[in-house]
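To start, the structure itself, in structure tokens.
The values are calculated or read from the model by the stated rules, or taken from the named source; none is laboratory data. Fair warning: this is a prediction, and the values are worked out from it, not measured in the lab. Note that each Cβ is placed from the backbone with ideal geometry, even for glycine, and that neighbours are counted across all protein chains shown.
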Amino acid sequence: MPRWGIFIVGQLDWVDLTWLRILGGITVNAMHAASYEKLQDYCRESALLESVTELLGWDEQTKMPARGAPLRADQSSLMAGLVHARQTDPRIGECLAELRDSPLADDPHSDEGATIRQLGREYEKNLRLPQELVEQLARMSVVGQQTWVEARRADDYGRFAPILEQIVALCREKADALGWEECRYDALLDEYEPEAKTSEVRQALEPLGDALVTLLEDVVGSGREPPASLLQREYPVTAQESLGLAAARLIGFDFGAGRLDVAAHPFCCGLGPGDCRITTRYDQSYWPTSFFGILHETGHGLYEQGLRQDQFGLPPGRFASLGIHESQSRLWENQVGRGRPFWQHFYPIAQQTFSAALGDVPFDDFYGAINRVRPSLIRVEADEVTYNLHILIRFELEQALINGELDVANLPEAWNQQYREKLGIGPTNDADGVLQDIHWSGGMIGYFSTYSLGNMYAAQIFDAIHSEIGDLDTQMGRGDFGELLRWLRAKVHAKGQCYNSQELVHEVTGRPATSEPLLNYLRGKIGPLYRL
């Protein structure tokens, strides 16, 4: 890959600056074209360095021996500093200054316009962050995640609390360095859902939560109870893995460019073109843990594998936001993976794989079991109705932590109280309560609301898909997911960051993002199951 110095403006003896170059149908002066090429090549090289950091993170959670954590913390801190130094190089600013008012920037949704706009935004943000703070956050993410694994295994919040206090303090410092207007949490939310404000997300999620509480009350009051115990039989892990791999392949994940591994908390790691890693965890007596975890992470992986390889390292080749990323995982997990058409094709395969557990179970009993609605403690195993209540709890708690309204020492009590208020149940231990998620241990404060935003986006996008692919249910019923994946690749994946999340949803569906499609979807699905 060409080094930066090759493209220094003023030493371009290989180009006549009176020439014109055509990029995307725009006539561009050669000076602008040269600056744009410089910027592209430098960012692609930086992306290679970032992919090494991602690989260290994947290894930390899947293969690294426990005593390797201190070394990994040093490695991650060093890499974060190196990446940050590149991201704040003054030459980026010089190129962006040349390009900001050029014809290349005229269309903010073109590849060139999006690149200039988004890189300018990131550059300004990175300049505000001290390198020492970036390195400290990277170090603490390793220390935090390794401590979290041990604390959750031992059900010992006291072991994790001092580390979480340091992480929260660093995140507050990061937010203040980045700057904010309405509330400190805005700065952290922007890291995951660019240009979103806490007040806007709250305005979207709180009415959704109220409507879901009402729907949950109707379900509980119906007196109906699907036979969920059939999912708690003996499901050998080797068979679970085999079936999960088959499902991921069926919906389009390319295992020639990816792999499946085991982690304490499922995740997807997109390293770059040709290398996407997904993970799950197994429970021998509860098969949905691994299966729907695999579908969820496969949805993330399909998005990563659908990003434009020719734009690797540049905004058009990156995912739009975590909310859009979660829309892809939740769409494949829920609208597809918990839908009747999918199981019309896949249930006979599951019965054959788990003949002892499912061989004599009627289809409707199984379908009712995997769509059972009941308050539960574990977010990743929650049904589609209560899932967003889990998110609202975390959304409120992490705001309180960052805004200084809640101390880390009091977090378990606040967590349990929120569960009693919103779901009517409370954990009897911290492993199933405040210690169940990995996010805060890795410094990912500001992330959680993107799951509910993703649910909203997914339902609205799926409505648009159904309107354009009239026989989609028939296709899925025969195990054909090709047209669905091609639609998502063209309409969502290939757009990268040429649009922010709100713009992309509007572009894809023809209307602003709203919770109405999600509520309609849930009522239409859950109503018949519970005769509402």
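The single condition among (1) in a loop (DSSP other than H, G, I, E, B); (2) out of contact with any helix residue (DSSP H, G or I) (no Cβ under 7 Å at 6 or more places or on another chain); (3) not aliphatic (A, V, I, L, M) that TYR499 does not meet is (2).
Among residues of the range 247-265 being modelled with pLDDT of 95 or more and in a loop (DSSP other than H, G, I, E, B), the one that is surrounded by the fewest Cβ atoms within 10 Å (Cβ to Cβ) is GLY256. Quick one: would you say PRO362 is surrounded by fewer than 19 Cβ atoms within 10 Å (Cβ to Cβ) and within 30 Å of TYR347 (Cβ to Cβ)? Answer is yes for this residue.
Might you let me know whether the range 266-285 holds any residue that is over 19 Å from PHE448 (Cα atoms), in a helix (DSSP H, G or I) and in contact (Cβ under 8 Å) with a residue 60 or more places away in the chain? Checked against the condition, which is being over 19 Å from PHE448 (Cα atoms), in a helix (DSSP H, G or I) and in contact (Cβ under 8 Å) with a residue 60 or more places away in the chain, the range 266-285 yields no hits at all.
Residue-level check: of (1) of a type in the set (Asp, Glu); (2) farther than 25 Å from GLY339 by Cα; (3) under 24 Å from the mean Cα position of the chain (by Cα), ASP463 misses just (2). Only one entry of GLU516, GLU503 meets the criterion of being farther than 25 Å from GLY306 by Cα, at pLDDT 95 or above and among the acidic types (Asp, Glu), and that entry is GLU516. The condition of being crowded, with 22+ Cβ neighbours inside 10 Å and either closer than 24 Å to LEU212 by Cβ or within 17 Å of the chain's Cα centre (by Cα) (or both) holds for only one of GLY496, GLY426, that being GLY496. Of all the residues in the range 232-262, those that are in contact with a helix residue (DSSP H, G or I) (Cβ under 8 Å, 6 or more places away or on another chain) and more than 29 Å from GLY482 (Cα to Cα) number 3. Can you work out which of the residues in the range 439-460 that are in contact with a helix residue (DSSP H, G or I) (Cβ under 6 Å, 6 or more places away or on another chain) and among the aliphatic types (A, V, I, L, M) is farthest from ILE163 (Cα to Cα)? So the residue we want is ALA459.
The residue pairs whose first member lies in the range 339-361 and is in the same structural domain as GLY244 (by TED's automatic domain parsing), whose second member is surrounded by fewer than 17 Cβ atoms within 10 Å (Cβ to Cβ) and of a type in the set (Ser, Thr, Tyr), and whose beta carbons are closer than 7 Å, counting only pairs six or more residues apart or on different chains, are THR353/SER242. Among the residues of the range 476-500, the ones that are more than 27 Å from ARG117 (Cβ to Cβ), without any contact (Cβ under 8 Å) to a residue 60 or more places away in the chain and of a type outside the set (Lys, Arg) come to 2 in all. On the given criteria, is GLY244 surrounded by 13 or more Cβ atoms within 10 Å (Cβ to Cβ) and assigned by TED's automatic domain parsing to the domain that holds GLY293? It is true that GLY244 is surrounded by 13 or more Cβ atoms within 10 Å (Cβ to Cβ) and assigned by TED's automatic domain parsing to the domain that holds GLY293.
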